[in-house]
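Starting off with a structure, shown below.
The values are calculated or read from the model by the stated rules, or taken from the named source; none is laboratory data. Note that the structure is a prediction, hence the values are computed from the model and not measured. Glycine gets a Cβ as well: all are built from the backbone with ideal geometry, and neighbour counts include every protein chain shown. In case anyone asks, the SASA skips ligands and DNA or RNA and just uses the protein heavy atoms, side chains included. Shrake-Rupley method; radii C 1.70, N 1.55, O 1.52, S 1.80 Å.
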Amino acid sequence: MALGPVMLDIAGTELSGDDIKRLTHPLTGGVILFTRNYVDHRQLTGLTRQIHALRTPHLLIAVDHEGGRVQRFQQDFTQLPAMRELGKVWDKQPAKARHLARQVGYVLAAELNACGVDFSFTPVLDIDHGQSSVIGDRAFHSNPHAVSDLAHQLMLGLKQGGMLAIGKHFPGHGYIRADTHLEKAVDQRCYSEIEANDLIPFQHLIDSGIAGIMPAHVIYTEIDPNPAGFSKIWLQKILRKTLGFEGCIFSDDLNMRGAGILLDSMLLRAQTALTAGCDMILVCNNPAGADEVLNGLRWEMPAASLARLARLHAKNQTGSMTKLRERGDYVQAVREISGIGCESGELPL
């Protein structure tokens, strides 16, 4: 059964009958996991095996696992720093910061990979303009070139750990104060200002071959009255044609308040996002909305979308978590990561 365009969440730490029904629906193509789905690495490995066994090719399994405030799995996983901490190192020692960013990416991917997760929605490519609480220290830096530099290294580390990168939140969420999880978000800047700042990391990572990008549920009024994730201008004209992106476009969660300003129906949100240019849409924390989409959506997956999604299956290079912990390069990377943010700036012995 070919992968469909819908990514869903599940209720608990193992699959329920309702979960299995939704995940075996032809429109489903992936699963996103949350903290509620996690106990320890053994349970997670069992859950991902159960999900992968449902379909061939197997459903994609994703998670928001960036580090800092956004790290869904804690116990048994290395505590990853907020990306801002890497930016602080970059200010004083750029070469060291690049090395550490790559090490963070490697550890992040290797640990998820060992547990059967295909990819994380990372890195955050937003610029820290000093006023977005929802982005804040999730951003590497206020300098777009520093963001480009560090995000590129993190992407290389992810690849080393067997995982591809998904950049977010196109074309930049860092300028506005509003939290799109909870409210309408409007950015009134002109395109030239966005292009000269926020688009720089996206262009750099696209030129470096990034596999996926997630647009923001932000309305950029000077460009389009629709949020970027529902905008043909942003997704097809700018992201695809102007910036030359050929990878997979994921919607942000369609259940977020910022996605529902103009579209009340979850089905209408799904149809609009796909028509605008998304390859896969996320419907999270809303079982009724998920059922509405699965029961009502009429969508034939383009061959290009299927090829983009097929590329995102993780390349398992680490084996189990136990085997991973026996690897010298992994042990060294974890040691170095543990020193990020130390007041002395020195790595622990």
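Quick check: is even one residue across the stretch 182-196 open to solvent by less than 10 Å² (accessible area, probe 1.4 Å) and at positive phi?
no
Report every pair of residues separated by at least 6 positions or lying on different chains whose Cβ atoms are under 8 Å apart, first residue within the stretch 127-150 and within 20 Å of Ala97 (Cα to Cα) and touching a residue at least 24 places away in the same chain (Cβ under 8 Å), second open to solvent by 10 Å² or more (accessible area, probe 1.4 Å) and of a type in the set (Val, Ile, Thr).
Hits for this filter: Arg138/Val70; Pro144/Ile200; His145/Ile200; Val147/Ile200; Ser148/Ile200.
Sticking with this one: How many of the residues in the stretch 87-99 are surrounded by fewer than 17 Cβ atoms within 10 Å (Cβ to Cβ) and of a type in the set (Gly, Ala, Ser)?
1
Would you point out the residue of the stretch 232-266, among those that are in a loop (DSSP other than H, G, I, E, B), modelled with pLDDT of 95 or more and on the phi < 0 side of the Ramachandran plot, that is most open to solvent (accessible area, probe 1.4 Å)?
Glu246
Then there's this: When you go through Ala146, Ala165, Ala139 one by one, which is the residue that is among the aliphatic types (A, V, I, L, M) and more than 19 Å from His65 (Cβ to Cβ)?
Answer to the selection: Ala146.
Then there is this: Across the stretch 143-163, what is the total count of residues that are under 17 Å from the mean Cα position of the chain (by Cα) and part of a helix (DSSP H, G or I)?
The number of residues fulfilling the criteria is 12.
Same structure again: Under the condition of being open to solvent by 10 Å² or more (accessible area, probe 1.4 Å) and β-branched (Val, Ile, Thr), which residue from the stretch 1-24 is farthest from Thr78 (Cα to Cα)?
The selected residue is Thr24.
Same structure again: Whether any residue in the stretch 100-112 is open to solvent by less than 10 Å² (accessible area, probe 1.4 Å) and among the β-branched types (Val, Ile, Thr) is what I want to check.
Checked the stretch 100-112: at least one residue is open to solvent by less than 10 Å² (accessible area, probe 1.4 Å) and among the β-branched types (Val, Ile, Thr).
Next up: Which of the numbered conditions does Ser305 fail, given that it passes all the others? Conditions: (1) in contact with a helix residue (DSSP H, G or I) (Cβ under 8 Å, 6 or more places away or on another chain); (2) among the hydroxyl-bearing types (Ser, Thr, Tyr); (3) surrounded by 14 or more Cβ atoms within 10 Å (Cβ to Cβ).
(1)
Let me ask something else. Given Leu154, Leu125, Leu158, which one is touching a Pro at 6+ places or on another chain (Cβ under 9 Å), over 19 Å from Gln332 (Cα atoms) and surrounded by 24 or more Cβ atoms within 10 Å (Cβ to Cβ)?
Leu125
Here are some residues: Ile223, Ile206, Ile200. Which one is more than 30 Å from His99 (Cα to Cα), open to solvent by 10 Å² or more (accessible area, probe 1.4 Å) and outside any strand (DSSP E or B)?
Residue meeting the stated conditions: Ile223.
Checking Phe119 against (1) within 19 Å of Arg311 (Cβ to Cβ); (2) open to solvent by 10 Å² or more (accessible area, probe 1.4 Å), which test does it fail?
Every condition holds for Phe119 apart from (2).
When you look at Leu27, is it open to solvent by less than 10 Å² (accessible area, probe 1.4 Å) and either within 15 Å of the chain's Cα centre (by Cα) or among the hydrophobic types (A, V, I, L, M, F, W, C) (or both), yes or no?
No, not satisfied.
Here is a further query. Does the stretch 69-86 contain at least one residue that is crowded, with 23+ Cβ neighbours inside 10 Å, farther than 22 Å from Asn285 by Cα and either β-branched (Val, Ile, Thr) or out of contact with any strand residue (DSSP E or B) (no Cβ under 8 Å at 6 or more places or on another chain) (or both)?
Scanning the stretch 69-86, I find at least one residue that is crowded, with 23+ Cβ neighbours inside 10 Å, farther than 22 Å from Asn285 by Cα and either β-branched (Val, Ile, Thr) or out of contact with any strand residue (DSSP E or B) (no Cβ under 8 Å at 6 or more places or on another chain) (or both), so the answer is yes.
Also: Among the numbered criteria (1) modelled with pLDDT under 95; (2) part of a helix (DSSP H, G or I); (3) of a type in the set (A, V, I, L, M, F, W, C), which one does Leu294 miss?
(1)
Here is a further query. Scan the stretch 141-170 for residues that are in contact with a strand residue (DSSP E or B) (Cβ under 7 Å, 6 or more places away or on another chain) and not hydrophobic (A, V, I, L, M, F, W, C) and jot them down.
Result: Gly167, Lys168, His169.
Sticking with this one: Taking Asn143 and the conditions (1) polar (S, T, N, Q); (2) modelled with pLDDT under 95; (3) under 26 Å from Leu80 (Cβ atoms); (4) surrounded by fewer than 24 Cβ atoms within 10 Å (Cβ to Cβ), which numbered condition does it fall short on, given that it satisfies the others?
Against the list (1) polar (S, T, N, Q); (2) modelled with pLDDT under 95; (3) under 26 Å from Leu80 (Cβ atoms); (4) surrounded by fewer than 24 Cβ atoms within 10 Å (Cβ to Cβ), Asn143 comes up short only on (2).
Quick check: anything in the stretch 282-302 free of Cβ contacts under 8 Å to residues at least 12 places away in the same chain and either at positive phi or among the polar types (S, T, N, Q) (or both)?
yes
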